[in-house]
1. Restricting attention to region 144-156, and to residues there that are of a type outside the set (A, V, I, L, M) and out of contact with any Lys or Arg (no Cβ under 9 Å at 6 or more places or on another chain), which single residue is surrounded by the fewest Cβ atoms within 10 Å (Cβ to Cβ)?
2. If we keep just the residues of region 88-135 that are among the polar types (S, T, N, Q) and either open to solvent by less than 50 Å² (accessible area, probe 1.4 Å) or in contact (Cβ under 8 Å) with a residue 12 or more places away in the chain (or both), which is nearest to GLU49 (Cα to Cα)?
3. Check whether at least one residue in region 172-179 is open to solvent by less than 60 Å² (accessible area, probe 1.4 Å), in contact (Cβ under 8 Å) with a residue 40 or more places away in the chain and within 21 Å of ALA32 (Cβ to Cβ), and report yes or no.
4. Do you know which residues across region 180-206 are under 21 Å from LEU141 (Cα atoms), open to solvent by 50 Å² or more (accessible area, probe 1.4 Å) and part of a loop (DSSP other than H, G, I, E, B)?
5. Suppose we keep only residues that are open to solvent by 10 Å² or more (accessible area, probe 1.4 Å) and not in a loop (DSSP other than H, G, I, E, B) within region 55-72. Which one would you say is farthest from LEU20 (Cα to Cα)?
6. So, in region 75-87, of the ones that are in a loop (DSSP other than H, G, I, E, B) and either basic (Lys, Arg) or open to solvent by 60 Å² or more (accessible area, probe 1.4 Å) (or both), which residue ends up modelled with the lowest pLDDT?
Amino acid sequence: MTSEDAKIIKIHMTDYIKTLAQQVKVRQRVVATAIAYFRRVYTRKSFVEYDPCLVAPTCLYLASKAEESTVQAKLLIYYMKRTRAVPQEKCTYEVPDILHMEMKLLEALDFYLIIYHPYRSLLLLLQDAGITEMTKITWSLVNDLYRTDLILMYPPFMIALACIFVASAFQEKDTIAWFEELRVDMHVIKNITKEIFDFYENYSSLSSERLTAALRKLPQRT
């Protein structure tokens with residue numbers, strides 16, 4: 001499996017978490033936390049050690065408890081077996097599998113479950129800049145960045161600033177003076193921006209052929 005395959009699988013599993021979250025009806029914060037857990041786990045573990053088709057829903061289960069919106073494991077299993085987001089042979093997990101994986105994930109996360117998200121910073125920064133009319137587009141940008149590892153690489157407020165920077169360019173809003181007043185490192189903002197454009201250009205829409213080829217490289221369940 002190449003790094004490209006791994007990136008594609010992570011993106012797809014992020015979408016899988018979102019799909020399950022819609023079915024079990026949890027808040028967006030729970031979804032964001034689950035995705036952050038998923039991506040943090042795979043900075044330490046491999047797809048060989050931990051099957052992402054089980055890790056993804058277990059991260060949602062763990063996040064629902066951490067964010068005090070608990071979802072029953074049996075409900076997750078119910079919807080896992082009815083989605084076609086993962087290979088059919090991966091849809092045979094049961095409640096004990098989720099509970100067992102939950103303990104393994106807690107260890108992989110060092111039992112540290114607090115996640116800081118960019119959304120609060122985003123709203124405060126938009127208000128400070130006087131461009132609250134861009135809330136919808138910048139919020140969507142932040143949501144999309146959860147399909148990348150950027151959320152693990154930069155502080156939440158820098159993610160929020162980069163999304164404002166990109167949205168300002170698209171909407172032709174002059175925010176240069178405001179960014180100068182903030183005295184933030186624009187090199188960091190531009191690095192994040194570069195990654196954002198790379199995502200939209202190469203990964204925002206995955207063809208079924210590209211996705212299937214990557215999923216076939218996942219280890220078979222024993």
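The values are calculated or read from the model by the stated rules, or taken from the named source; none is laboratory data. All values derive from a computational prediction rather than experimental measurement. Glycine also receives a Cβ, built like all others from the backbone with ideal geometry; neighbour counts cover every protein chain displayed. Note: areas computed on protein heavy atoms with side chains; ligands, DNA, RNA excluded. Shrake-Rupley method; radii C 1.70, N 1.55, O 1.52, S 1.80 Å.
1. First, pick out the residues of region 144-156 that are of a type outside the set (A, V, I, L, M): 144, 146-149, 154-156.
Of the ones still in play, those that are also out of contact with any Lys or Arg (no Cβ under 9 Å at 6 or more places or on another chain) are 144, 154-155.
Working: ASP144: 16, TYR154: 20, PRO155: 12.
Among residues in region 144-156 that are of a type outside the set (A, V, I, L, M) and out of contact with any Lys or Arg (no Cβ under 9 Å at 6 or more places or on another chain), the one surrounded by the fewest Cβ atoms within 10 Å (Cβ to Cβ) is PRO155.
2. Step one: list which residues in region 88-135 are among the polar types (S, T, N, Q), which gives 88, 92, 121, 127, 132, 135.
If we keep only those that are either open to solvent by less than 50 Å² (accessible area, probe 1.4 Å) or in contact (Cβ under 8 Å) with a residue 12 or more places away in the chain (or both) too, we end up with 92, 121, 135.
On the way: THR92: 18, SER121: 35, THR135: 40 Å.
Per the criteria, the residue is THR92.
3. no
4. ASP185, SER205
5. Filtering first and then ranking leaves ALA66.
6. Within region 75-87, the subset in a loop (DSSP other than H, G, I, E, B) is 81-87.
Now restrict to residues that are either basic (Lys, Arg) or open to solvent by 60 Å² or more (accessible area, probe 1.4 Å) (or both): 81-82, 84.
Numbers: LYS81: 85, ARG82: 85, ARG84: 76.
Of everything passing the filter in region 75-87, ARG84 is modelled with the lowest pLDDT.
Conditions tested, residue by residue: (1) among the aliphatic types (A, V, I, L, M); (2) within 22 Å of TYR119 (Cβ to Cβ); (3) out of contact with any Gly (no Cβ under 7 Å at 6 or more places or on another chain).
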residue	(1), (2), (3)
TYR154	no, yes, yes
ASP174	no, no, yes
VAL184	yes, yes, yes
ASP198	no, no, yes
